[in-house]
Amino acid sequence: MEMQELQAKLNEGIAAKMTPCAVLSAWHLHGASFRMTAGCHTYESDRKVKEDDLFDLASITKCVGTTTLCMWLYDQGKLDLHAPLYEYLPEFLDGPQEQLAWRKAVTIRHVMAHCAGFPPFLKFYVTHAHVTDWIARRKLVLSTALTYEPGKDTVYSDIGFMIMGEVVRAISGKRVDELAPEVFFKKWGMKDTTYNPDKSLWPRCVPTELKKDKDGDGYWQGVVHDENARWYEGAAGHAGLFSTAPDLDLYAMNMLTGGGGVFSQQTIDVFTTRANIVEGSSRCLGWDSPEQPSSGGLHVSPCSFGHTGFTGTSFWMDPEKGVSVALLTNAVHPKRECKGNGYFPWRNRMHTYAYEVLGVN
């Protein structure tokens, strides 16, 4: 496939209302690279999306934010993946006492591989909107009842990564939004990646969903889309990170070339290889690995690692082929219901086409 054909495919997606706008960025470690844009910030706007506009990464935060900090802590010997969760957060054992044996058995690996027993999510932002103290929030999240025995099933869970954000804070003494710039944003040159973007950056932030009546008028722009992350002041372990295509390219370059002085290749391998706790699970530690049909496309290698975000973001790195592909969209605009069934195969095709334009398949 030629570059102009891929641009046409991207434009077709916008015309078909898969998303108001998109930035597609891809490169080969020893070859070609490209970055292309299509569409405007909203369907009503004439503000064309730019290569360096900021997107709400949603659950990619779990990887590029929280997991990266866990990799750094592990590399420094401060995080034991096999340790029980309660060693870092003793309040976890204060949860339902009839589950005490299960709770004692939960390890950091279980949590990071989404097999600790946590449900997918709970609406803390509704049931406990009045809770504003972070210690009270932490206790509340840690009290979540397990829904299955640790290690016996895989259930993708926001709650597990809300807790991993608290593990990072317990070890380092800093919130994820305070620690990440110190550890790797600045070191890797990721100048626009941030939690809680400053208001001066809001015009560059691509709007996500229409606000509910109680939240005011307009769209969520520059404020995290995820409700539990807003309840957590925008600095949560599962969501909250904003970034750009150029910054994600820098991130991928460091991840595919040995860790950029933040951690070792051995640590990268530990976290980006399938955890194999639950048979057949694609989950690594924080990261996901490809299963077909994959959001990473048809040509992504089995050893690749990546993730998607609910807002319409996908990011994959392929160490075997030396390829990185990031597709950033705001597919939940103007409402999440607009992200219909057609979006997912279109997203997968864009990743496939990116490989083909790079001449790698």
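Here, each number is a calculation from the coordinates, and none is a lab measurement. This structure is a prediction, so every number in the text was calculated from the model and none was measured. So basically every Cβ, Gly included, is an ideal-geometry build from the backbone, and we count neighbours across all protein chains shown.
Things worth noting here:
- Choice from A136, A58, A326 showing the highest fluctuation, given a GNM over the chain with Cα pairs closer than 10 Å: A136
- Integer Hz, Karplus 6.51/-1.76/1.60 couplings in order for the range 308-323, x for Gly and Pro: 10, x, 4, 5, x, 10, 8, 8, 10, 10, 10, x, 5, 9, x, 10
- Considering the chain, its Cα convex hull presents a mean projected area of 16.9 nm².
- Span per principal axis, largest first, for the Cα atoms of the range 1-152 (Å): 60, 42, 29
- GluC sites (Glu not before Pro) restricted to DSSP loop in the range 251-345 with at most 13 other C-beta within 10 Å: E279, E291, E320
- Here H82 and D153 are evaluated by their C-beta separation; at R0 = 22 Å the FRET efficiency comes out at 0.65.
- A cut-off of 5 Å between modelled amide H atoms, ignoring neighbours fewer than 5 places along the same chain, links A38 with A22.
- Using R0 = 30 Å, the C-beta based FRET efficiency linking E279 and K104 works out to 0.80.
- Sequence of S33, S282, S59, S314 once ranked by neighbouring C-beta atoms within 10 Å, starting from the fewest: S33, S282, S59, S314
- Alpha-carbon geometry of the range 67-177: the Rg and the Dmax are 13.3, 38 Å, given in that order.
- The residues D226, D46, D52, when put in order of fewest to most other Cβ atoms within 10 Å, stand as D46, D52, D226.
- Projecting the Cα atoms of F161, V176, A105 onto the charge dipole of the range 67-177, computed from C-beta unit charges around the Cα centre, puts V176 farthest toward the positive end.
- For the range 174-242, the Kirkwood hydrodynamic radius from C-alpha pairs, put into Stokes-Einstein at 4 °C and a viscosity of 1.567 mPa s, yields a diffusion coefficient of 101 µm² per second.
- Other-chain or far-sequence residues with amide H under 5 Å of L54's (modelled H): C205, V206
- Residues I135, I14, ranked from the fewest to the most other C-beta atoms within 10 Å, line up as I135, I14.
- Positive dipole terminus of the chain, leading residue within H238, V325, G39 (C-beta point charges): H238
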